[in-house]
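The values are calculated or read from the model by the stated rules, or taken from the named source; none is laboratory data. Nothing here was measured: the structure is a model prediction, and the numbers come from that model. Here the Cβ positions follow ideal geometry from the backbone for every residue, glycine too, while neighbour counts run over all protein chains shown.
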Amino acid sequence: AISIVERLHLFTKQASIDFQIDTPKVMHTQNKALAQWTKELNIKDEPHITLIDNLHLQRDAWDAFRNSSGYVVLDFYFYGIIIHRPQQTAETFFLKVF
């Protein structure tokens, strides 16, 4: 059986193809604090997809980020996915889920 993390990795890989985001821009923030990652994110304003683990341990920081950002945010409680394309706002985002 495929674990949840492996499935989320496959999802982010497929989403990077669908949204034409370079493979090196598909990141996994394993064991990195969300506050540290968001500082790095604000410096680089380029397309990327990021999978964040241990989100349940960082809910306050996540909620603050989610409410103040224009990124597309998928919240799976333990994991989060952030999709950022500067030319596309969250309001115009469409995701196919099967």
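Pairs are defined by a Cβ separation below 9 Å, a sequence spacing of at least 6 or placement on different chains, a first member in the stretch 51-65 that is without any contact (Cβ under 8 Å) to a residue 40 or more places away in the chain, and a second member that is acidic (Asp, Glu); the pairs so defined are LEU55/ASP75; TRP62/ASP75.
Number of residues in the stretch 57-72 that are modelled with pLDDT under 85, crowded, with 16+ Cβ neighbours inside 10 Å and within 19 Å of PHE11 (Cβ to Cβ): the value is 2.
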